[in-house]
Amino acid sequence: MSNFRFLFLVPCLFFIFLIAGCATFPRNESVGNVEQNKVALSVAPILKFEDLPIPSGFRILDKESFAFQNDKSRVALLKYYGGQNAEQVLAFYKEQMASFNWSLVNIIEYDRKVLNYENSEESCIITIQPQGGKSLVTVALSPKSRPIKSEKINSK
């Protein structure tokens, strides 16, 4: 009897979890809404790192962010939430990152917008996720990877 109960409860709980997860997908922004909210974004006055701009009015999500820095490297995963739509935030980063000496590597656009930047020492990935007329921005900073040296395999 307990085996039957287990076999019944597991699929039911999985189904409930699946339905609850589907209800949290962000709504798509309408084109009219994007046109209506066109406002140039400025850089926030207080930054975690002086060379990583954040749009003015965005607030850091402290419980979902971390940063580490020592004299040799920096690593960070910073999440911000703000009242501008994803297209405005994308335009902000395209304009601002170059002035902070970051070079654009590529941009990937689908539901989210992913911008890959690098400078001489580091890589920075900025993900912009639309949430209604607002945006969730994730900034991932890490040291640039070094080329992997191929190891010679000694055959015996």
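Only residues that are in contact (Cβ under 8 Å) with a residue 60 or more places away in the chain and within 9 Å of the chain's Cα centre (by Cα): list them for region 112-135, please.
Answer for region 112-135, where residues must be in contact (Cβ under 8 Å) with a residue 60 or more places away in the chain and within 9 Å of the chain's Cα centre (by Cα): just 129.
Do you know which of the residues in region 61-83 that are under 14 Å from the mean Cα position of the chain (by Cα) and buried (at least 17 other Cβ atoms within 10 Å of the Cβ) is nearest to residue 119 (Cα to Cα)?
Out of the qualifying residues, it is 76.
Restricting to region 132-149, what's the tally of residues that are surrounded by 16 or more Cβ atoms within 10 Å (Cβ to Cβ) and not hydrophobic (A, V, I, L, M, F, W, C)?
Here the count works out to 4.
So which of 89, 139 ends up being under 14 Å from the mean Cα position of the chain (by Cα), outside any strand (DSSP E or B) and within 25 Å of residue 40 (Cα to Cα)?
Step by step, each of 89, 139 is checked, and only 89 is under 14 Å from the mean Cα position of the chain (by Cα), outside any strand (DSSP E or B) and within 25 Å of residue 40 (Cα to Cα).
So which of 106, 101 is of a type outside the set (D, E, K, R), under 12 Å from residue 124 (Cβ atoms) and either at pLDDT 95 or above or not in a strand (DSSP E or B) (or both)?
After ruling out the rest, the residue left standing is 101.
Whether any residue in region 110-128 is at pLDDT 95 or above, of a type in the set (A, V, I, L, M, F, W, C), crowded, with 20+ Cβ neighbours inside 10 Å and in a loop (DSSP other than H, G, I, E, B) is what I want to check.
no
Determine whether residue 85 is at pLDDT below 95 and in contact with a helix residue (DSSP H, G or I) (Cβ under 6 Å, 6 or more places away or on another chain).
yes
The values are calculated or read from the model by the stated rules, or taken from the named source; none is laboratory data. The shown structure was predicted, so the numbers you read here are calculated from the model rather than taken from an experiment. In this analysis, Cβ positions are derived from the backbone assuming ideal geometry, glycine residues included, and neighbour counts consider all displayed protein chains.
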